[in-house]
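The next block holds one structure in the form of structure tokens; read it before the comments.
The values are calculated or read from the model by the stated rules, or taken from the named source; none is laboratory data. Every value quoted in this text rests on a predicted model; they were computed, and no experiment measured them. Cβ placement follows ideal geometry from the backbone for every residue including glycine, while neighbour counts extend to all protein chains displayed.
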Amino acid sequence: MNLRRRVYAPDPEGIAVKLVQKALVRGSQSFELDRDGNLIVSSKGMGVERREAVALATLEPDCVRIRTHAYHLLVAAVVSGGFALSMLITLIFESARVGDPISPVILGLPSAVFAFFMFAKYIRRSVNIVAFYPRFGGGAAVTPWHNNPTAEEFDAFVRELSERIREASLPKAGEPFSLEAELRSLQRLRDDGLLTSEEFDVAKQRVLGLTQKPSIGFRRAS
């Protein structure tokens with residue numbers, strides 16, 4: 001149920017920097033890579049608009065495919081739709097007769113409305129995404145819809161996003177590792193709202209763990 005159109009935006013060098021996705025019921029969302037090492041995420045749906053910046057250095061470069069279906073909602077929509085259809089057929093026959101067709105309308109209209117909402121809910125609850133998770137723990141931070149608007153455009157953008165995340169995670173050339181700089185960088189991300197307090201604590205422990213010399217030895221076979 002994707003609205004397919006050409007919304008793939010390469011930069012002058014031909015690198016995918018923006019992906020705009022549209023889908024029925026769900027609304028729309030866009031992902032744009034800026035030149036400051038951030039991913040600008042915008043979404044709009046059901047009267048709610050959201051826009052935020054995600055630092056590429058805080059993401060894992062490898063994504064995870066997630067796909068689920070809320071079949072119980074689809075079954076409810078089909079059953080309700082079938083009942084509404086039967087009431088419509090009854091209404092047609094009753095209208096052809098002298099009888100009063102009000103009863104089928106009273107029964108069929110709520111069923112039709114219920115079927116529509118169940119189908120819309122099924123679409124929203126069914127998930128077919130590619131998720132990028134934070135390096136420091138937590139839920140998925142970036143969730144583009146799989147193969148939207150097209151498989152070619154989607155794959156090109158995801159490859160570019162993964163590559164830029166890897167580049168953002170590497171230390172700059174000629175810049176030695178600095179524990180103080182790493183901790184200040186994490187603190188700045190927390191102050192900017194890009195990391196929660198829990199994610200900051202996990203990231204701090206990981207950075208501190210990098211400074212500890214690993215022990216060398218043999219693992220005893222059990």
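So, in region 51-79, of the ones that are aliphatic (A, V, I, L, M) and in a strand (DSSP E or B), which residue ends up surrounded by the most Cβ atoms within 10 Å (Cβ to Cβ)?
Among those that are aliphatic (A, V, I, L, M) and in a strand (DSSP E or B), it is Leu59.
When you go through Val98, Val25, Val48, Val113 one by one, which is the residue that is loosely packed, with under 14 Cβ neighbours inside 10 Å, at pLDDT below 85, β-branched (Val, Ile, Thr) and assigned by TED's automatic domain parsing to the domain that holds Arg166?
Checking each option against the conditions leaves just Val25.
For region 66-89, state whether one or more residues are under 30 Å from Asp191 (Cβ atoms), at pLDDT 85 or above and in contact with a strand residue (DSSP E or B) (Cβ under 9 Å, 6 or more places away or on another chain).
The answer is no; no qualifying residue exists.
Restricting to region 117-134, what's the tally of residues that are under 20 Å from Phe31 (Cβ atoms) and crowded, with 20+ Cβ neighbours inside 10 Å?
Here the count works out to 3.
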